[in-house]
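**Student:** Here it is, the structure, as structure tokens.
None of the figures in this text is laboratory data; all of them are computed from the coordinates on show. Worth saying up front: this structure is predicted, and the values here are computed from it rather than measured. Note that we place each Cβ from the backbone using ideal geometry, even for glycine, and neighbour counts take in every protein chain shown.
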Amino acid sequence: MDLTLDLLASKLKNWKDCPLALKARPVLGEGNPKASVVFIGEAPGQKEDELGRPFVGPAGEFLNELLESIGLRREDVYITNVVKYRPPGNRDPEPEEKAVCLPWVKLELAVIRPKVVVTLGKHALQEFFPTLSISRVHGMPQRVTPEMAVFPIYHPAAALHNGALRGALYEDFRKLKEFLESQ
């Protein structure tokens, strides 16, 4: 049987190996299964937990705005998170939670086979490059394989809490557009 995103979503509904699964609903990614660009955040928030969809709260609305600023829509890309369940109180995901959920992200990437993975925030970036700092490498593509690059960007929620980051996010998305056009 071929692995598909629908099959992954079905399996995730019954997966309880993450301690967060006891109090939150699973949130797999969504979007274009043939996307050349995948966006990865850290974990679902309250709205995402309620609706079972990634990036549908305030950070998701801002992400939609950023996508539109470079001529993309949610339907053009795939959006997911490292952790598949909401941490209590929207706290940062713990290392064990990220580690146990990471295979799901790897499976999503194996199905989609994107050319560019846009990591949103430090938690997603550190799954690919544990020693890199988002403040130092945001907006700068990092080659993972000859076929795939990681493009680190601040998490949209960071700009909602720190308005000074809004400009940096728009600039990083402008750089992302240039990078995508060069591929």
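**Student:** Given the conditions (1) outside any loop (DSSP other than H, G, I, E, B); (2) surrounded by fewer than 17 Cβ atoms within 10 Å (Cβ to Cβ), which single one is not true for residue 33?
**Tutor:** Among (1) outside any loop (DSSP other than H, G, I, E, B); (2) surrounded by fewer than 17 Cβ atoms within 10 Å (Cβ to Cβ), the lone unmet condition for residue 33 is (1).
**Student:** Just to verify a result, which residue in segment 127-150, among those that are under 18 Å from residue 112 (Cα atoms) and among the hydrophobic types (A, V, I, L, M, F, W, C), is surrounded by the most Cβ atoms within 10 Å (Cβ to Cβ)?
**Tutor:** Here the answer is 150.
**Student:** Quick one: residue 48 ticks every box in (1) surrounded by fewer than 22 Cβ atoms within 10 Å (Cβ to Cβ); (2) of a type in the set (D, E, K, R); (3) assigned to a helix (DSSP H, G or I) except a single one, so which number is it?
**Tutor:** (1)
**Student:** Can you work out which of the residues in segment 51-85 that are among the hydroxyl-bearing types (Ser, Thr, Tyr) and outside any helix (DSSP H, G or I) is nearest to the chain's Cα centre (by Cα)?
**Tutor:** Among them, the one singled out is 80.
**Student:** Scanning segment 149-170 for residues that are assigned to a helix (DSSP H, G or I) and of a type outside the set (A, V, I, L, M, F, W, C), which turns out nearest to residue 62 (Cα to Cα)?
**Tutor:** If we take residues in segment 149-170 being assigned to a helix (DSSP H, G or I) and of a type outside the set (A, V, I, L, M, F, W, C), then 156 is nearest to residue 62 (Cα to Cα).
**Student:** Only one of these is in a helix (DSSP H, G or I), of a type in the set (A, V, I, L, M, F, W, C) and more than 26 Å from residue 27 (Cα to Cα): 179, 173. Name it.
**Tutor:** It is 179.
**Student:** Next question. Out of (1) part of a loop (DSSP other than H, G, I, E, B); (2) touching a Leu at 6+ places or on another chain (Cβ under 9 Å); (3) not acidic (Asp, Glu), what's the single condition that is false for residue 130?
**Tutor:** Condition (2) is where residue 130 drops out.
**Student:** Could you grab me the full set of residues in segment 77-120 that are among the charged types (D, E, K, R) and more than 13 Å from residue 29 (Cα to Cα)?
**Tutor:** 86, 91, 92, 94, 96, 97, 98, 113, 115
**Student:** Using beta carbons and a limit of 6 Å, which pairs, at least six apart or on different chains, have the first residue in segment 165-183 and closer than 20 Å to residue 35 by Cβ and the second one surrounded by fewer than 16 Cβ atoms within 10 Å (Cβ to Cβ) and of a type in the set (A, V, I, L, M)?
**Tutor:** These pairs meet every condition: 173/70; 177/70.
**Student:** Ok, one more. Pairs please, first residue from segment 136-150 and without any contact (Cβ under 8 Å) to a residue 12 or more places away in the chain and under 12 Å from residue 125 (Cα atoms), second anywhere and hydrophobic (A, V, I, L, M, F, W, C) and surrounded by fewer than 15 Cβ atoms within 10 Å (Cβ to Cβ), Cβ atoms under 7 Å, 6+ apart in sequence or on different chains.
**Tutor:** none
**Student:** Taking only segment 69-114 into account, find how many residues are loosely packed, with under 13 Cβ neighbours inside 10 Å, touching a residue at least 60 places away in the same chain (Cβ under 8 Å) and closer than 28 Å to residue 171 by Cβ.
**Tutor:** Residues flagged as loosely packed, with under 13 Cβ neighbours inside 10 Å, touching a residue at least 60 places away in the same chain (Cβ under 8 Å) and closer than 28 Å to residue 171 by Cβ within segment 69-114 amount to 1.
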